[in-house]
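The structure under discussion appears below in the form of structure tokens.
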Amino acid sequence: DLSLLRFISAELTRGYFLEHNEAKYTERRERVYTCMRIPKELEKLMFFGIFLCLDAFLYVFTLLPLRVFLAMFRFITLPCYGLRDRRLLQPAQVCDILKGVILVICYFMMHYVDYSMMYHLIRGQSVIKLYIIYNMLEVADRLFSSFGQDILDALYWTATEPKERKRAHIGVIPHFFMAVLYVFLHAILIMVQATTLNVAFNSHNKSLLTIMMSNNFVEIKGSVFKKFEKNNLFQMSNSDIKERFTNYVLLLIVCLRNMEQFSWNPDHLWVLFPDVCMVVASEIAVDIVKHAFITKFNDITADVYSEYRASLAFDLVSSRQKNAYTDYSDSVSRRMGFIPLPLAVLLIRVVTSSIKVQGVLAYVCVVLFYCGLISLKVLNSIVLLGKSCQYVKEAKMEEKLFNPVMTATPGKPAGKQQSMFKSTQGISTDENGSASVTNQPLHPKENTPSLLVTSNSDQFLTTPDGEEKDISQDSSELKHRSSKKDLLEIDRFTICGNRID
């Protein structure tokens, strides 16, 4: 018989057994443990990536001037040695000279930009208008970064392309002016970002700084509830590394400008310290929350960050090889979207305008500071190379560094060559079935069929979780897979945007 007392008694004494659904609850517990591991694993990746960006950034100030000097010395003394080589300069030396000339030209062009006028112009705007401007600057910075490295790569390839090739470009000089214009505009864009941040620091009620920090949490809403795969998450992680390092440099610029205004009074540095800590803490908190929920919603384990770190380490180790086909700083630019030239131009402009060098003792201090930067760069490079070799060995990727290079053969049809590639791994296999790393051919001919391959370090990341299928299935599925593979080509879509398929 149904009664109220019996219903209440059943509710009070009703039992259930969690062990009957052991798999479900074990999975829930593992998700909790994964979220607890995310901060540690993410910060290890961020720590390693930030030092990679620092290595590429210090290269512009330390080794690049020395390499430019050696290249110019070789060019001047070339008649003394005779033309034993068809090239006047090696491709790496040409690229170094181009980087140095772009850096010098953009530095002198930045002298025509008045920082003080820009500061007062931005300070006169309302808080809401400045908030909108800052958001627009962030979007513009990502767009500039995504297209900037393509402009620089086009210049380097146009200047070093073998002369026996058919002319298929507009010339070195137009590419050079495009690169100078890009670096100059990007440096101005970063200067406006730094000025806006400086205005937020110096505002009395800190309302603008609070709004800008809360803007970081809007990023969680735009990312957490989207579908992510391992490669997409890798792009986002690289973007976060670049963004965090850029913010550190912007904070350094803000501190330099403020310390100059207060005659380098060390007491004012402690006034800025709480705001700097708030900016850094908000960035770290947003990254941790964002990555924790992305991995939770997409069933991605925390071990994936060690794979990302190993892939970045593979880039560093492969760039140190004798047959490397790209400079390491350019590799970082493509992988993370961090282009050091505009940021270096702005930092040099701010430092030279903030610090006056007068007298012999001041020049001695500058020389000692430069030697200290070189020592820091060399020490950082040695430590990074050692840790990278360790990460590559732990990931069992070292055999990919020594496998023979495989290029497209003119006599083979494209279909037969494409069948030698695994559809989802991006790892080429030779006729004996051994894996080999695909590199770009040094002198491909015009009649060579184009072959789309992924970069060396992508091979480790594009390994599917499930069982791979053969590429010789129906044509519609093959077309879908090839387009998906193109979309996840990490070297070409390394930026800051999150490409979701």
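The values are calculated or read from the model by the stated rules, or taken from the named source; none is laboratory data. Everything numeric here is computed off the predicted structure, so don't read it as measured data. Glycine gets a Cβ as well: all are built from the backbone with ideal geometry, and neighbour counts include every protein chain shown. With ligands, DNA and RNA removed, areas are computed over all heavy atoms of the protein, side chains included. Shrake-Rupley method; radii C 1.70, N 1.55, O 1.52, S 1.80 Å.
Observations on the model:
- Counting only protein heavy atoms and a 1.4 Å probe, the range 44-402 has 49 square angstrom of accessible area per residue.
- For the range 299-393, a Kirkwood radius taken over Cα pairs fed into Stokes-Einstein (20 °C, viscosity 1.002 mPa s) yields D = 132 µm²/s.
- Positive-end residue of Thr158, Met336, Leu272, charge dipole of the range 44-402 with Cβ unit charges: Thr158
- The Cβ shell under 14 Å around Val289 holds other residues with a net charge of -2, Lys and Arg each +1, Asp and Glu each -1.
- Remark: spin-label model distance Leu385-Cys371 equals 2.3 nm, labels positioned 7 Å along the Cα→Cβ axis.
- The range 6-85: C-alpha gyration tensor shape, a/c 1.5 cut-off, then a/b vs b/c: prolate
- Cα gyration tensor shape of the range 44-402, rounded if a/c is under 1.5, else prolate or oblate by comparing a/b with b/c: oblate
- Gyration tensor verdict on the range 170-303 (Cα atoms; rounded if a/c is under 1.5, prolate if a/b is larger than b/c, oblate otherwise): oblate
- Semi-axes of the equivalent ellipsoid for the range 135-243, Cα gyration tensor, largest first, Å: 36, 21, 8
- Convex hull volume of the range 238-365 per residue (C-alpha atoms, cubic angstrom): 155
- Across Lys227/Lys396; Lys40/Lys322; Lys99/Lys230, pairs whose alpha-carbon gap is larger than 32 Å: Lys40/Lys322; Lys99/Lys230
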